[in-house]
Amino acid sequence: MLLHLSTWQEVEAYLQQSKGIIFPIGSTEQHGPTGLIGTDAICAEAIAAGVGDATQAIVGPTINVGMALHHTAFPGSISLRSSTLIQVVRDYITCLAKAGFSKFYFINGHGGNIATLKAAFSETYAHLEDLQIPNAQQVQCQVANWFMCGSVYKLAKELYGDQEGSHATPSEVALTQYVYPEAIKQAYLSPEVASGHRIYSAADFRVRYPDGRMGSNPALATPEHGKQFYDLAVKELSSGYLEFVNAQ
């Protein structure tokens, strides 16, 4: 059940059965020579839809611009400041908490969002209490990173070993190839790929990681691999969502 394809009456009826909602959140940032700029949002959105179907949960609109300031020296990358993303998440939750939702499960596709989301949750709890919203004490938020699922991590290591890397990875590229086979890209990938550098400014990032990859070899990705990652992530996160939404 997708929120944007529902009526308010359908949402009102849903709230009689469940107080949970799933939000996909990703990023719009470079993913190397062959990775789609929307990779992180595409992956989160596809998996969230699968989890929603498996658990009969409502799925909110994808937050497809995240905190990716260190990627903005590459054309096409878009980022919110951490402070902006915190306010966006807080406002989303506040509106829906007023309507009666209390369990917010964010399926995340971008590592750079993790710290900001956790900060947003803390600010939101305090904000809801300040507003004296009746169900403020019942509101709970959780971030679930699909790429950190145990089954996903295990398969990535089996398929790619050290060539999985940490950005523009073959696992995430494979998932986008499964979701959008018509958008598979081909480009030259240097056998030498940078890795292990700390992240500072956007300009420094581009100097240290000149083609955008971080220790990865996305040439190993296939749509068939992507289907495997999708199935594993949906299964594991469906269990995680149900455990979260049913916990007292």
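Structural remarks
- The residues of the chain have, on average, 48 Å² of accessible surface per residue, using a 1.4 Å probe with all protein chains present.
- Nonlocal amide H pairs with ALA144, under 5 Å, H built at 1.01 Å: PHE106, ILE107, ASN108
- Put a dot 7 Å past the Cα of LYS98, heading toward its Cβ, do the same for GLU10, and the two dots end up 2.3 nm apart.
- For the stretch 154-248, a Kirkwood radius taken over Cα pairs fed into Stokes-Einstein (4 °C, viscosity 1.567 mPa s) yields D = 87 µm²/s.
- The chain: relative contact order in percent, alpha carbon pairs under 8 Å with at least 6 residues between: 23 percent
- Extension gain for the segment THR222 to GLN248, taken as residue separation times 0.36 nm less the Cα-Cα distance, is 5.3 nm to one decimal.
- The label point for SER122 and the one for TYR180, both projected 7 Å from the Cα toward the Cβ, are 3.5 nm apart.
- Per the Debye formula on identical point scatterers at the alpha carbon atoms of the stretch 88-191, with no solvent, log10 I(q)/I(0) at q = 0.12, 0.14, 0.22, 0.25 Å⁻¹ is -0.58, -0.70, -1.10, -1.30.
- Sorting the segments 151-161, 233-243, 177-187, 37-47 by their residues' average number of neighbouring beta-carbon atoms within 10 angstrom, most packed first, yields 37-47, 233-243, 151-161, 177-187.
- Total lysine pairs under 19 Å (Cα atoms) in the chain, excluding pairs fewer than 8 apart on one chain: 9
- In the stretch 5-124, Cα pairs under 8 Å separated by at least six residues give a relative contact order of 33 percent.
- Amide H partners (placed H, <5 Å) of ILE58, local residues excluded: ILE22
- Rounded to 10°, Cα long-axis angle of helix 170-179 versus longest principal axis of the chain: 60 degrees
- Percent of C-alpha pairs per 10 Å bin, the stretch 30-113, short to long: 16, 43, 31, 9, 0
- Per-q log10 I(q)/I(0), the chain, q = 0.09, 0.12 Å⁻¹ (Debye; single scatterer per alpha-carbon; no solvent): -0.39, -0.69
- Residue-wise HN-Hα couplings along the stretch 116-125, as the Karplus relation 6.51 cos²θ - 1.76 cosθ + 1.60 with θ = phi - 60° gives them from phi, are 5, 4, 4, 5, 4, 4, 4, 5, 5, 4 Hz; Gly and Pro carry x.
- Antiparallel bridge percentage (DSSP; both residues within the chain; nearest 5): 15 percent
- The smallest convex shape that holds all Cα atoms of the stretch 1-140, its convex hull, gives 101 Å³ per residue.
- Vicinal HN-Hα couplings computed from phi for the stretch 233-241 (Karplus, 6.51 cos²θ - 1.76 cosθ + 1.60; Hz; Gly/Pro x): 5, 4, 4, 5, 6, 5, 4, x, 5
- Applying the Karplus relation 6.51 cos²θ - 1.76 cosθ + 1.60 with θ = phi - 60° to the stretch 191-197 yields 3J(HN,Hα) values of x, 8, 10, 6, 7, x, 7 Hz, where x marks Gly and Pro.
- Accessible carbon and sulfur surface of the chain relative to its total accessible area, %, 1.4 Å: 53 percent
The values are calculated or read from the model by the stated rules, or taken from the named source; none is laboratory data. No experiment lies behind these values; they were computed from the predicted model shown. So basically every Cβ, Gly included, is an ideal-geometry build from the backbone, and we count neighbours across all protein chains shown. Surface areas here come from the heavy atoms of the whole protein model, side chains and all, with no ligands, DNA or RNA. Shrake-Rupley method; radii C 1.70, N 1.55, O 1.52, S 1.80 Å.
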